[in-house]
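Chemist: Please read through the structure below; I'll follow up with questions.
The values are calculated or read from the model by the stated rules, or taken from the named source; none is laboratory data. All values derive from a computational prediction rather than experimental measurement. Positions of Cβ are generated from backbone atoms using ideal geometry, with glycine treated the same way; all protein chains shown enter the neighbour counts. Side chains are part of the model used for accessible areas, which takes the heavy atoms of the whole protein and leaves out ligands, DNA and RNA. Shrake-Rupley method; radii C 1.70, N 1.55, O 1.52, S 1.80 Å.
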Amino acid sequence: MGDILVGTCSWTDRALVGSGWYPVGRRDAEGRLRYYAERFPVVEVDASYYALPSERNSRLWAERTPDGFVFDVKAFSLLTGHPTRSAVMPDGLPPDARDPVVLDEVWARFAEGIAPLRRSGRLGSVLFQFPPWLRAGARGEEVVEECARRAEGWPLAVEFRHPSWWEAGRAEATSALLARCAMAAVGVDMVQSLPSSVPPVTPVTSPRLSVVRFHGRSAAWGTGSKEDRFRYAYGADELGAWVPRLRRLAERVEQVHVLFNTCCGDASVRAAELMDGLLGRPAEGASADGPLAGGVPVGRSSAGGPSSEGGRSPGDPHLP
């Protein structure tokens, strides 16, 4: 039986920091990460999508977390075909993914940035979240294969945002593609009533890893603001339905990463605490006499402060 690691898609999102989850005395950059890592064994680095990760930050993250803690690092936007701002490009390079010189340099900088996490055993995966306009087909497969080639030897995971990849009649070919590329398929939980909804399938394409990301079930997914898209509080019944599926995944892989992307206020950490309880292991630090959600204790809340060291870049127009 593999391990099921539960966490969130950012530990420094502005809404989380301002929600009161971090206590007095744990408000600085180091204190926040140490506090988070005392409660969860995995976190997603979302800031690496908006700007290339720095070697210094990765080294500090490795030093501030215990053995066994892992970071799932989201690939930089240019590497997955998303629009990229000129201001975040290194050495004044243009944000042109069609230029092989630019692409080679950006890949090299990304590799340097995550190197301390790799060396310390803290790199859980590099997450390639492809844009909703990347459809299944020959061109899409070439993009996936190129990323796998450049990132060979890294632990890799892929989330598709276009539903064609997992449609009936195509899902088997998608699974085979990811298996050939040694990439773990990312399952998603999201609203299912929209044309852009990705079905909640959880194929196993790597013996090492499976990832499930919980985006919430807001009907504003395709049209609303960032807050509207991700404002959602999971209930015990919704998460409980996933428990047997997660356990079945754990029977087939070494690790299952369960990550909550409901980044409004403290909804993500509360959902993660609830999921841990449903799995039979309440998150460390949860209050035994705290409010109940479906009969599971939910951790206490306390004052927090501003954030700057990592996690999500607030206010960015791109989909997180």
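Chemist: Which residues, counting only those in region 198-249, are hydrophobic (A, V, I, L, M, F, W, C), assigned to a helix (DSSP H, G or I) and over 18 Å from the mean Cα position of the chain (by Cα)?
Modeler: Once the filter is applied, which keeps residues that are hydrophobic (A, V, I, L, M, F, W, C), assigned to a helix (DSSP H, G or I) and over 18 Å from the mean Cα position of the chain (by Cα), region 198-249 yields Ala236, Val243.
Chemist: Filter region 190-232 down to the residues that are among the charged types (D, E, K, R) and farther than 18 Å from Leu246 by Cβ and list them by number.
Modeler: If the condition is that a residue be among the charged types (D, E, K, R) and farther than 18 Å from Leu246 by Cβ, then Lys226, Glu227, Asp228, Arg229, Arg231 are the ones that fit.
Chemist: Are there any pairs with C-beta distances below 9 angstrom linking a residue in region 135-150 that is hydrophobic (A, V, I, L, M, F, W, C) to a residue that is in a helix (DSSP H, G or I) and open to solvent by 70 Å² or more (accessible area, probe 1.4 Å), with the two at least 6 apart or on different chains, and if so which?
Modeler: Matching pairs, first to second residue: Ala148/Arg180.
Chemist: Of all residues in region 250-271 being part of a loop (DSSP other than H, G, I, E, B) and in contact with a Lys or Arg (Cβ under 6 Å, 6 or more places away or on another chain), which is surrounded by the most Cβ atoms within 10 Å (Cβ to Cβ)?
Modeler: Asn261
Chemist: Still on this structure, I have one more. List the pairs whose first member sits in region 232-247 and is over 12 Å from Val258 (Cα atoms), whose second member is modelled with pLDDT of 95 or more and among the acidic types (Asp, Glu), and whose Cβ atoms are under 9 Å apart, counting only residues at least 6 apart or on separate chains?
Modeler: Tyr234/Asp189; Glu238/Asp189
Chemist: Of Tyr22, Tyr49, which residue is under 22 Å from Val211 (Cβ atoms), touching a Ser or Thr at 6+ places or on another chain (Cβ under 8 Å) and aromatic (Phe, Trp, Tyr)?
Modeler: Unique residue meeting the criteria: Tyr49.
Chemist: What about Arg109, is it over 17 Å from Ser175 (Cα atoms), at pLDDT 95 or above, within 19 Å of the chain's Cα centre (by Cα) and open to solvent by 60 Å² or more (accessible area, probe 1.4 Å)?
Modeler: Considered against the rule, which asks whether it is over 17 Å from Ser175 (Cα atoms), at pLDDT 95 or above, within 19 Å of the chain's Cα centre (by Cα) and open to solvent by 60 Å² or more (accessible area, probe 1.4 Å), Arg109 comes out as no.
Chemist: Which one is surrounded by the most Cβ atoms within 10 Å (Cβ to Cβ) among residues in region 156-174 that are within 20 Å of Leu246 (Cα to Cα) and within 20 Å of the chain's Cα centre (by Cα)?
Modeler: Val158
Chemist: Further question on the same structure: Mind counting the residues in region 175-194 that are exposed (fewer than 14 other Cβ atoms within 10 Å of the Cβ) and farther than 22 Å from Val126 by Cβ?
Modeler: Of the residues in region 175-194, 2 are exposed (fewer than 14 other Cβ atoms within 10 Å of the Cβ) and farther than 22 Å from Val126 by Cβ.
Chemist: When both residues are 6+ apart or on different chains and their Cβ atoms are under 8 Å apart, which pairs have a first residue that lies in region 72-91 and is touching a residue at least 24 places away in the same chain (Cβ under 8 Å), and a second that is among the polar types (S, T, N, Q) and not in a helix (DSSP H, G or I)?
Modeler: Within 8 Å, the pairs are Asp72/Ser125; Val73/Ser125; Lys74/Gln129; Ala75/Gln129; Phe76/Thr84; Ser77/Thr84; Leu78/Thr84; Thr80/Gln129.
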